[in-house]
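See structure below.
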Amino acid sequence: MTIIAWDGKTLAADKQSTCAGHGSTVTKIFRTTFGLVGFAGKASHARALLVWFNSGAILERWPVSPDRDNWADAIVICPNGEVREYVGNGGGHYELVEDNFCAMGGGRDYALAAMFLGKSAKEAVEVACALDITCGKGIDTLELA
């Protein structure tokens, strides 16, 4: 599972990938030509989406998941601060997030509560990792330049 959190300044994510009861250490957030991008969900689709974002995010070239029942979701922080959420099977269409902070993944509710109480994105991910056994293995952070 995953926790990705954005507090208006920092994008933070845990590093745990869980598959068939085994946890691996991975990177879930990236600095791309499109902005900061974080992924939750199917890793193979997330990698295809990363290539898509780095190739200009052309709507007609939206990558379809090789496993049509398992998609990745993405949160994108654009250079101008605009926050976009892409739902895996949305075909490249996104929702604009107007809130001051947001989160996605299995630890979302913990992270949102932490940020509501004034914690940073990194601290919110720490809280989610402490309370959700599917999150952990470290934290990565990226700041919007």
Give me the net charge for the shell around residue 48: Cβ to Cβ below 12 angstrom, other residues only, Lys and Arg +1, Asp and Glu -1.
+2
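Cross-chain or 8 or more residues apart, Cα under 13 Å: how many lysine pairs in the range 4-134 fit that? Count them up, please. Don't skip to the end; give the middle numbers.
Working: 9/119; 9/122; 15/28; 15/122; 28/42.
The number of close lysine pairs in the range 4-134 is 5.
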Dipole of the chain, Cα-centred, from +1 at each Lys and Arg C-beta and -1 at each Asp and Glu C-beta, to the nearest 20 debye?
440
In whole angstrom, the spacing between the Cα centers of the range 1-55 and the range 81-128 equals 12
Alpha-carbon Debye profile of the range 1-79, log10 I(q)/I(0) at 0.14, 0.16, 0.20 Å⁻¹
-0.46, -0.59, -0.90
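If I stretch the segment between residue 47 and residue 131 completely, what's the gain in nm (0.36 nm per residue apart, minus their alpha carbon distance), one decimal? Each step should come with its number before you reach the end.
Values: separation 84, 0.36 × 84 = 30.24 nm, distance 2.74 nm.
Between residue 47 and residue 131, full extension yields an extra 27.5 nm.
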Non-local amide H neighbours of residue 136 (under 5 Å, H modeled in plane, Pro and chain starts lacking H): which ones?
15, 16
3J(HN,Hα) from dihedral phi, the range 75-82, Karplus parametrisation 6.51/-1.76/1.60, rounded to Hz, x for glycine, proline
10, 10, 10, 6, x, 7, x, 4
Among 20, 121, 74: highest mean-square fluctuation, GNM of the chain, C-alpha pairs under 10 Å
20
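If each residue of separation counts as 0.36 nm, what is the full-extension length gain between residue 93 and residue 54 once their alpha-carbon separation is subtracted? Mind showing how you got there, number by number?
Values: separation 39, 0.36 × 39 = 14.04 nm, distance 1.65 nm.
Stretched fully, the residue 93-residue 54 segment lengthens by 12.4 nm.
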Residue by residue, what Karplus-based ³J(HN,Hα) values in Hz, rounded to whole numbers, does the range 49-57 have, using 6.51, -1.76 and 1.60 with θ = phi - 60° and x for Gly and Pro?
5, 4, 4, 4, 4, 5, 9, x, 6
Residue by residue, what Karplus-based ³J(HN,Hα) values in Hz, rounded to whole numbers, does the range 111-120 have, using 6.51, -1.76 and 1.60 with θ = phi - 60° and x for Gly and Pro?
5, 4, 4, 4, 5, 4, 8, x, 7, 6
Cα convex hull of the chain: mean projected area in nm², to one decimal?
7.9
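Each reported figure results from applying straightforward, stated rules to the coordinates on display, with no laboratory input. Computed from a prediction, not measured in an experiment: that's the story for all the values here. Cβ: placed from backbone, ideal geometry, glycine included. Neighbour counts: every protein chain shown.
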